[in-house]
Each structure stands twice: as structure tokens, then as C-alpha cells.
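Single-structure report; data block below.
The values are calculated or read from the model by the stated rules, or taken from the named source; none is laboratory data. These numbers come from a predicted model, not from an experiment. Positions of Cβ are generated from backbone atoms using ideal geometry, with glycine treated the same way; all protein chains shown enter the neighbour counts. We work out accessible area using only protein heavy atoms, side chains counted, and drop any ligands, DNA or RNA first. Shrake-Rupley method; radii C 1.70, N 1.55, O 1.52, S 1.80 Å.
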Amino acid sequence: MLEIKDGKKILTTPVSAEDLKDIHAGDIIYLNGSMTTCRDVAHRRLVEEGRELPVDVKDAAIFHAGPIIRPLENDKFEMVSVGPTTSMRMEKFEYEFVKESGVRVIIGKGGMKENTERACKEFGAIHCVFPAGNAVVAATEVEEIVDAQWRDLGMPETLCTAA
Amino acid sequence: MDKKAQVEQLTTYMANFVSYIGKVLPDDIKAKIDELAEKEDSPLSKVIYQTMQKNQVLAKELNRPSCQDTGVLQFWVKCGTNFPLIGELEGLLKEAVVKATFEAPLRHNSVETFDEYNTGKNVGKGTPTVFWDIVPDSDQCEIYTYMAGGGCTLPGKAMVLMPGEGYEGVTKFVLDVMTSYGLNACPPLLVGVGVATSVETAALLSKKALMRPLGSHNENERAASMEKLLEDGINAIGLGPQGMGGKYSVMGVHIENTARHPSTIGVAVNVGCWSHRRGHIVFDKDLNYTITTHSGG
């Protein structure tokens, strides 16, 4: 869903391809809903090893990020600090990733190239950047970590789903 | 204090210092960010700088690492030969990192090579990095502490040029790295350049250059002039904050140099990101300390 409130473009997951039509390069947008951290190894597992992602990111957002999380009770985690990593490292896999997962919003840092551009056009997705190093600003916007998958990869590569 | 107690004390001080530098930027960096925030005029750069300033306030207030990439810890030690814990220092620095990792908390950033697994403790074979300078006849110990994150580490490059390529060759080398990798290292950047005799001597100097305070210059007039020229040249690339466009791409360019073999010029580039988390702490023999980089510390 896309709404415009006080001049702000706000996307709320689930996001459709239609929602993205009114967003243009250079816009500042806001996101509500579901976002999952997903970087190097998760991309390789999906694309190179053909493994299914343990999280459903269809019509939602992924964040190229490796967070600092702290364990709480009941197998839950607190989002302490999270900011974007270099998206170009995922460029090689992103077309396949978008195709397989149905993700709509890819948040990262530094920009991406032709594969991602092609995927965005073909499948209806956007790539945006979050200013890096502002990891507390981002973490304080996370209401809850609802899931943490592929923890065997270690903290930076664990898929954390934030709501 | 007996030795065991001293080791524990120093470990605690260093663990606290490591946690601290991950949450509060050094005075010179903070001042530079504020300065550049004023000088940039596009609306997007203003928004980005405001976010950066807000982030630092929140990090301090909530006691959290300001950037999630708390890096591989690197220590540059200048240890007096008469400092009582000279023998125990390297071991206790590793312990301090393990402690800080749990307390701050820091991200787990040590992946053993070849076996390719994350150690889960933020230390591993050879990490944290410890560089040593020995200071004769002193009983003090100075420690530079640095969080070398992935973003700023990726652009690192060192090479040996033929002297015929001249200082123009050095400039071209630096600019090639900055135009290709600079964007992803989270500008505005601090650029460290090493000019020496070989690949490893230049590389070490390029990291040492990043420990210098902002606004400092190489003592050699020509080197200082090249620092300024490189700064202007990299700013002209127009990266701006986060590479989103702007007048300033760097916070400074620092060159460190040594003599060289007649047939070679070793050159290296190393960068620090805008969140340049380096700290400098000096201990006397009784472990009284002074922090020179952070006035709040």
C-alpha cells in the first residue's frame, strides 16, 4: 500500500507493483511493515545453492544489512544497531533473488547495477538507499524482531525479520 | 597493585574504551561533520547530515554502537620498554575485545579464513590486530584503538610503482581508488596515503595516517602540499555525503612517508568512513590514563 501523508510517500507492506508506480528516482520514501535483513550468504544460498529462503519476503522488503542484535528471553532478540552494507556485493545475485522471492523493496547502500535494474523493471520492485552509519536511528524504528533465521551463519548474516 | 590485578584493571579499562569509541565519535570528527553539514547546500545533503547528527545523539543517549559495523578491532600500541604490562598487553587486548563484544554489544566480525566460519566472539586468529612501536626508556603506553569496518576497509589498496611514474603516478593511484570505491566507504571520508619503499611499508603507513588528528599536516612542505591537492581533487569528484552528491567528499587527506629504494615507489591508500571511530588513550605505569581524542571520555 502507498499513501501520501503530509507530503510524505509512505509504503506499507504488503506492497504491490502498482504501489511502486508513483515512486521516482530521487524521492525520499518511508516504510512500514515487514523488512528482513538479507545479505551475502543468504543471496548465495538462494541463487547458487537453490535453497528456499526460510522467510517469506514476497511483497515485502529486504535490507542489505548485518545487524547487532541482543538476545532477550523466550528466544527473542532486540535490534540494537542496524544499517546498510554495500549493495554492490549482492548485484550479481539480485535479478534471480527478486525473481524467486517476489520481494518489492530492496534497501541498501551505494547503488546497484543492470541486473537489479532489469529485475525492478520486469518484476516490479525498487531499490533504495538508507544513509549508512545511522544504525541507531534505524534500529529505533524497529518495533520488534519477529523472526531470526539461518542463525548458523553468525550474527552479521542472520536473516532478521523486523516489524 | 599486584600484576594480576593490574592486568585485570587494564583489561577492564580497554574493554570500556573499546565500547565507548563505538558509541561516541572523536571530537575532531564530530566538529568536521558539523562543519560540512553547514557547508553543503543541497536539500538532500542537509537531510543526510541531520540524520547523522541525530544518530550520534541517539547513540550516546541510548548507549548503543552508532554504526552496526563495529569492525575488526585494531590497536596501534606505542609501548615504553619499562611499561609494567608490556608482556601481557597483547593477550589482554584480545580479552578486552571479547569483553567489550559482550557488553557494548559489538557485532561478531571475525570469520576464520579457509574454514570460513564466524567465531562468534569477534576475535580469531590474528584478530584483534595489534601493531607495535617500542619506545625506549619510557614507562608509558599509548594505544590507538580503531574499528575497521567493512565499508572503509574495502577500498584499501597498495602497489609498487616505478619511479618514472612519479608523484603523478601516486596521485593517479589514489584517485583511481577514490573514484571507484570511494562511494561505498560512506563519505565524507578520511583518506590515508602511504608513500614508502614497498607494498607492506606503504600499506602500514596508510593506516597510521588515519590515526592522525584532522587538520594535521605532513611535516614535509611538498607532502603537505600534496595532501591539500589530493583533498581538492577528491572533493571535485562530487561524492557528497553518502555519495548522494555534494561539494565535499573528504574530511581530509593525510600522507605518511618514509625513504624508498632508488628503483621503487610504494604507494597505498586506506580510508576511514564518516563514522571514524578511532580513539587514543595514554597510560602511565600506574594505569592512570588520559584520553586525547574524546573530551567526554
Contact list, first residue from segment A:72-96 and within 10 Å of chain B (Cβ to nearest Cβ), second anywhere and in a helix (DSSP H, G or I) and open to solvent by 40 Å² or more (accessible area, probe 1.4 Å), beta-carbon distance below 7 Å, six or more apart or interchain, is A:T85/B:G150
If you take the residues in segment A:119-163 that are within 13 Å of A:E78 (Cα to Cα) and among the hydroxyl-bearing types (S, T, Y), which one is surrounded by the most Cβ atoms within 10 Å (Cβ to Cβ)?
A:T161
Segments classed as helices (runs of 4 or more DSSP H), wholly inside segment B:1-65, with at least 3 members that are of a type in the set (A, V, I, L, M) and within 11 Å of another protein chain (Cβ to nearest Cβ):
B:43-62
Pick from A:E100, A:E94: which is surrounded by 23 or more Cβ atoms within 10 Å (Cβ to Cβ), modelled with pLDDT of 95 or more and among the acidic types (D, E)?
A:E94
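Specify which of the listed residues (B:V160, B:V191) is part of a strand (DSSP E or B) and open to solvent by 40 Å² or more (accessible area, probe 1.4 Å).
B:V160
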What residue, among those in segment B:163-174 that are open to solvent by 50 Å² or more (accessible area, probe 1.4 Å) and of a type outside the set (D, E), is nearest to A:K113 (Cα to Cα)?
B:K172
Residue identified as at pLDDT 95 or above, crowded, with 24+ Cβ neighbours inside 10 Å and assigned to a loop (DSSP other than H, G, I, E, B) among B:S216, B:S275:
B:S275
Name every residue in segment A:48-58 that is surrounded by fewer than 19 Cβ atoms within 10 Å (Cβ to Cβ) and out of contact with any strand residue (DSSP E or B) (no Cβ under 6 Å at 6 or more places or on another chain), in order of residue number.
A:E48, A:E49, A:G50, A:R51, A:E52, A:D56, A:K58
Given A:D6, A:D22, which one is at pLDDT below 95, open to solvent by 70 Å² or more (accessible area, probe 1.4 Å), of a type in the set (D, E) and within 19 Å of A:C120 (Cβ to Cβ)?
A:D22
Only one residue in B:A202, B:A196 is open to solvent by less than 30 Å² (accessible area, probe 1.4 Å), in contact (Cβ under 8 Å) with a residue 24 or more places away in the chain and either under 19 Å from the mean Cα position of the chain (by Cα) or within 14 Å of chain A (Cβ to nearest Cβ) (or both), so which one is that?
B:A202
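Give me the residue from segment B:124-145 that is touching a residue at least 40 places away in the same chain (Cβ under 8 Å) and open to solvent by less than 20 Å² (accessible area, probe 1.4 Å) and, out of that set, farthest from B:K23 (Cα to Cα).
The first filter runs over segment B:124-145 and keeps only residues touching a residue at least 40 places away in the same chain (Cβ under 8 Å), leaving B:127-145.
With the extra rule that they be open to solvent by less than 20 Å² (accessible area, probe 1.4 Å), the set shrinks to B:128, B:141, B:143, B:145.
Numbers: B:P128: 19, B:C141: 24, B:I143: 18, B:T145: 13 Å.
For segment B:124-145, the residue satisfying everything is B:C141.
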Residue selected from segment B:66-83 under the condition closer than 28 Å to B:D284 by Cβ and outside any loop (DSSP other than H, G, I, E, B), by the criterion most open to solvent (accessible area, probe 1.4 Å):
B:K78
Hey, any hits in segment A:136-143 for a residue that's within 14 Å of another protein chain (Cβ to nearest Cβ) and among the polar types (S, T, N, Q)?
yes
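What residue, of B:L62, B:L73, B:L58, B:L89, is of a type outside the set (S, T, Y) and under 16 Å from the mean Cα position of the chain (by Cα)? Write out each step before concluding.
On the way: B:L62 fails: under 16 Å from the mean Cα position of the chain (by Cα); B:L58 fails: under 16 Å from the mean Cα position of the chain (by Cα); B:L89 fails: under 16 Å from the mean Cα position of the chain (by Cα).
Only one candidate passes the filter, namely B:L73.
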Has segment A:106-118 got at least one residue that is open to solvent by less than 10 Å² (accessible area, probe 1.4 Å) and away from chain B (no Cβ under 12 Å)?
yes
